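Take a look at the structure below.
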Amino acid sequence: MESGLEGQMSTHRHEEDESLMEMGSGRFGCSHYRRRCKIRAPCCDEIFDCRHCHNEAKNALEVDPLTRHDVPRHEIKRVICSLCGTEQDVQQNCIHCGVCMGQYFCSKCKFFDDDVSKQIYHCNKCGICRTGGEENFFHCDKCGCCYSTALKDSHNCVERAMHHNCPVCFEYLFDTTTDITVLHCGHTIHLECLKEMERHFQYSCPVCSKSYCDMSHVWEKLDQEVALTPMPSMFENKMVWILCNDCGETSEVNFHIVAHKCLKCNSYNTRQTRGGPASCSSRIEEMMR
């Protein structure tokens, strides 16, 4: 008889726990996260929906540059329940109403999120929480960041590859909330920034200038244009030195107004280093149009 009663009580408690997990889920939060709590920023003692809301407000153009700052995420100590308004130490369940303030909770990052579809996990080596599922990523010790397992044996290592700003929009990449891609050269960039570059016919890494996609069809078009554009007699035997951005080889080649071809890898992604007038760098862009 007692075991049956205990079973009923256990089931009832389980149902209560489930209801508290779901109560208000998806109805609170901000544009960055769905969560049922706010944070008190330890740096300025003000209340915000999340650290991104704080950073956007405290780094806005109208704010005095001398007072701009980011919240130190690991130093957050107090949160405010969105349902009952109780301020408390960082924890997953509210001490007053018992509601779950985030179905995903990381005590190390002081991070809450109700959107578990993101497959959030904490990487101890990165020191932060990431999205996409732990089984789908590995941490590269040399690059100092997490990459897709598809890149485990094929990416070029660049020390601290994501510990810098995006070379296009200048947002810090290591803890960005938007998608990142790794170029063949190993440098990292926002995926949307890369697409924006492509819309403007830019196909070389903005950090090292190496081509990040197959450009062979463009080089073939440039071969044809060079052949169809004879140089005046005064430049027929003019020689210049070039550096190839793709393979790093230096070559001495015939000067041409259209472009200069690397003798080692046949790339036209080159720059003239010495020897005469610079060639027209806009030709590659025109070939991509």
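If you check C106 against the conditions, is it open to solvent by less than 40 Å² (accessible area, probe 1.4 Å), under 21 Å from D179 (Cα atoms) and at pLDDT 95 or above? In short, no. Here K77 meets the list (1) open to solvent by less than 100 Å² (accessible area, probe 1.4 Å); (2) at pLDDT 95 or above almost entirely, failing just condition (1).
L191: in contact with a Ser or Thr (Cβ under 6 Å, 6 or more places away or on another chain), open to solvent by 40 Å² or more (accessible area, probe 1.4 Å) and more than 18 Å from T270 (Cα to Cα), yes or no?
On the way: in contact with a Ser or Thr (Cβ under 6 Å, 6 or more places away or on another chain): yes; open to solvent by 40 Å² or more (accessible area, probe 1.4 Å): yes; more than 18 Å from T270 (Cα to Cα): yes.
Taking the combined requirement at face value, the residue satisfies it.
Every condition in (1) assigned to a strand (DSSP E or B); (2) in contact (Cβ under 8 Å) with a residue 40 or more places away in the chain; (3) of a type outside the set (G, A, S); (4) open to solvent by 40 Å² or more (accessible area, probe 1.4 Å) holds for F112 except the one numbered (4). Under the condition of being free of Cβ contacts under 8 Å to residues at least 12 places away in the same chain and part of a loop (DSSP other than H, G, I, E, B), the residues counted in the range 142-163 number 2. Scanning the range 223-248 for residues that are within 23 Å of H184 (Cα to Cα) and out of contact with any strand residue (DSSP E or B) (no Cβ under 8 Å at 6 or more places or on another chain) turns up C247, G248. A count restricted to the range 214-255 and to residues that are in a loop (DSSP other than H, G, I, E, B), over 12 Å from N266 (Cα atoms) and touching a residue at least 24 places away in the same chain (Cβ under 8 Å) stands at 4.
The values are calculated or read from the model by the stated rules, or taken from the named source; none is laboratory data. All values reported here derive from a predicted model rather than from experimental measurement. Don't worry about glycine lacking a Cβ; one is built from the backbone with ideal geometry, like all the others, and counts go over all protein chains shown. Accessible surface areas use protein heavy atoms only, side chains included; no ligands, DNA or RNA. Shrake-Rupley method; radii C 1.70, N 1.55, O 1.52, S 1.80 Å.
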